[in-house]
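*Asks:* Sending over a structure as structure tokens; questions will come in a sec.
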Amino acid sequence: MVETTALNPTIGVEVTGVEDLHDDTVISRCTEALKWRGVLVVRGLHLDDEAQLAFCRRLGTVLAPGGREIFTITLNPEKNRAAKYLEGTFFWHIDDTTNDVPAKATVLTARHVAMEGGGTQFASTYAAYEGLSEAERTRYDSLRVVHSFEASQRLVHPDPTPEQVADWRQLPTHETSLVWQRRDGRRSLVIGATADHIVGMDPVESRKLLDELLEWSTQPRFAYTHDWSVGDLVVWDNTGILHRALPYDATSERELHRTTIAGAEPWA
């Protein structure tokens, strides 16, 4: 029998008793849990790429950036040509903040795990927003933020070369509301490593506010850390859940396979 167990009072649910991942009841339970809990964990499934894609297609349309539906997450440049950019994932972030429409969800399966480190942390910006005072909500509701790939990479390379900056700036910036009010009325914070500055605010004050909001949103009561075992499946709501990888040795064989579900609602 399929059962769900909360991983934290504000975020995450573990699903057990799954015999058929494609059963309509299982898909329905998973979809509902993902919406209200943000992170979905099924341990020890050992899905291959074909099975992972089949499950993801039940959740929505699978994106294929660069023509690849499966993206290999590894620091090994022989397996991933973009490995040098993955160091940016060690900082809290939301994917697709520089796109008009963010991905709905991200799916990871573990093929190899690190001997030490390499877990993935998640934090709910839905819960973080709800935990703010009324005065803070009123203040933040009207603010807008500019996101950029450069902002996230400067956390990795604080003293970049002109060539690095030129490379980062090939990707356009994007402006969003600091507080995203969705069509269904739910609200979340759009923050993280790509949040460069708040529009119209003094740069020092802007940086201070963004850093304070990130610290608030990632405190333990809003967060969950997943320590990977081979075969684990983790799905999360990319639009309102911050995530980051915990450091691990660059020579580690840690390898996760990622699929991404297309979103339908543009940033406000």
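The values are calculated or read from the model by the stated rules, or taken from the named source; none is laboratory data. Quick caveat: nothing in here was measured; it's all calculated off a predicted structure. Using ideal geometry, Cβ is built from the backbone for each residue, glycine included, and neighbour counts are taken over all protein chains shown. The protein model used for the area step is the full one, side chains on, heavy atoms only, and it has no ligands, DNA or RNA in it. Shrake-Rupley method; radii C 1.70, N 1.55, O 1.52, S 1.80 Å.
*Asks:* Is the range 223-233 home to any residue that is assigned to a loop (DSSP other than H, G, I, E, B), within 18 Å of the chain's Cα centre (by Cα), closer than 30 Å to Arg68 by Cβ and of a type in the set (D, E, K, R)?
*Replies:* Yes, there is a match, as at least one residue in the range 223-233 is assigned to a loop (DSSP other than H, G, I, E, B), within 18 Å of the chain's Cα centre (by Cα), closer than 30 Å to Arg68 by Cβ and of a type in the set (D, E, K, R).
*Asks:* Among the residues in the range 120-133, are any touching a Cys at 6+ places or on another chain (Cβ under 8 Å) and assigned to a strand (DSSP E or B)? Steps first, please.
*Replies:* Step one: filter the range 120-133 for residues touching a Cys at 6+ places or on another chain (Cβ under 8 Å), giving none.
The answer is no; no qualifying residue exists.
*Asks:* For the range 230-268, which positions are buried (at least 16 other Cβ atoms within 10 Å of the Cβ) and of a type in the set (Ser, Thr, Tyr)?
*Replies:* Correct list: Thr239, Tyr248, Ser252, Thr259, Thr260.
*Asks:* For the range 38-75, enumerate the residues that are without any contact (Cβ under 8 Å) to a residue 40 or more places away in the chain and either under 21 Å from Gln121 (Cα atoms) or of a type outside the set (Asp, Glu) (or both).
*Replies:* Initial filter on the range 38-75 (without any contact (Cβ under 8 Å) to a residue 40 or more places away in the chain): 48, 50-51, 54, 57-58, 64, 66-68.
Across the range 38-75, the qualifying residues are Ala51, Ala54, Arg57, Arg58, Ala64, Gly66, Gly67, Arg68.
*Asks:* Then there is this: Condition check: at positive phi, open to solvent by 20 Å² or more (accessible area, probe 1.4 Å) and in contact (Cβ under 8 Å) with a residue 60 or more places away in the chain. Does Gly131 satisfy that?
*Replies:* No; evaluated as a whole, the condition is false for this residue.
*Asks:* Give, as residue ranges, the strands (runs of 3 or more DSSP E) completely inside the range 140-210 that count at least 2 residues that are over 19 Å from the mean Cα position of the chain (by Cα), at pLDDT 95 or above and surrounded by fewer than 18 Cβ atoms within 10 Å (Cβ to Cβ).
*Replies:* Where strands (runs of 3 or more DSSP E) fall fully within the range 140-210, none carries at least 2 residues being over 19 Å from the mean Cα position of the chain (by Cα), at pLDDT 95 or above and surrounded by fewer than 18 Cβ atoms within 10 Å (Cβ to Cβ).
*Asks:* Please name all residue pairs, on different chains or six or more residues apart, with Cβ atoms under 6 Å, provided the first residue is in the range 135-153 and is over 14 Å from Asn99 (Cα atoms) and the second residue is surrounded by 23 or more Cβ atoms within 10 Å (Cβ to Cβ) and among the small types (Gly, Ala, Ser).
*Replies:* Correct list of pairs: Ser152/Ala193.
*Asks:* Take the residues in the range 160-181 that are touching a residue at least 60 places away in the same chain (Cβ under 8 Å) and touching a strand residue (DSSP E or B) at 6+ places or on another chain (Cβ under 8 Å), then tell me which one is nearest to Ser142 (Cα to Cα).
*Replies:* The selected residue is Ser177.
*Asks:* Could you pull out every one of the strands (runs of 3 or more DSSP E) wholly within the range 1-83 that has 2 or more residues that are buried (at least 16 other Cβ atoms within 10 Å of the Cβ) and at pLDDT 90 or above?
*Replies:* It comes to 13-16, 39-42, 71-73.
*Asks:* Could you please tell me which pairs satisfy a Cβ distance under 9 Å, a separation of 6+ or placement on different chains, a first residue in the range 84-112 that is within 25 Å of Arg182 (Cβ to Cβ), and a second residue that is in a loop (DSSP other than H, G, I, E, B) and aromatic (Phe, Trp, Tyr)?
*Replies:* Final answer for the pair search is Asp96/Trp267; Thr97/Trp267; Asn99/Trp267; Asp100/Trp267; Val101/Trp267; Pro102/Trp267; Leu108/Trp228.
*Asks:* Right, here's the next one. Taking only the range 245-268 into account, find how many residues are part of a strand (DSSP E or B) and out of contact with any helix residue (DSSP H, G or I) (no Cβ under 6 Å at 6 or more places or on another chain).
*Replies:* 5
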